[in-house]
Amino acid sequence: MKKSLLVLGTLVLFLVMGLGLTSCGQEGPEDVAIKFIEAVSNLDIEKAGEYTTEEGKQLLSFLELMSSQMSDEEKAEMQNAEFTVVSSEINGDTASVVISAEGEENAFPMIKVDGEWKVDLNKESLNKEM
């Protein structure tokens, strides 16, 4: 009886620890949006691509071309920006995260892809911002 309880207790402990580790590994939409915009500001297009959808990766290649036209001063200004989450709203597998950079706020549409949050960067979302 004691052995059964010990085995059961050990299994419960491992289950609880496993669930705790799994939930810690999950990033929320706010985390992903901040990591995305930080990578973009550092012109690390490859890293930014990790946080966006497939269509977003294609649009980022356009940013990479544009960055070659930027002056060193403009690049430095982008890299020194600080970002803060102003608000976020989650609705199932979609979310909207508003981030402030240097007093300017931008909304980032988010979507869950294979259980991970991604910035839903697409032509429609870019047209809304412009």
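The values are calculated or read from the model by the stated rules, or taken from the named source; none is laboratory data. Computed from a predicted structure; not experimentally measured. Glycine also receives a Cβ, built like all others from the backbone with ideal geometry; neighbour counts cover every protein chain displayed. Please note that ligands, DNA and RNA were not included when accessible areas were found on the heavy atoms of the full protein model with its side chains. Shrake-Rupley method; radii C 1.70, N 1.55, O 1.52, S 1.80 Å.
Things worth noting here:
- Pairs linking a residue in segment 32-49 that is touching a residue at least 40 places away in the same chain (Cβ under 8 Å) to a residue that is in a helix (DSSP H, G or I), with Cβ atoms under 6 Å and 6 or more positions apart or on different chains, are Phe36/Ala48; Ser41/Met78; Ser41/Gln79.
- Count of segment 18-41 residues which are open to solvent by 60 Å² or more (accessible area, probe 1.4 Å) and at pLDDT 90 or above: 3
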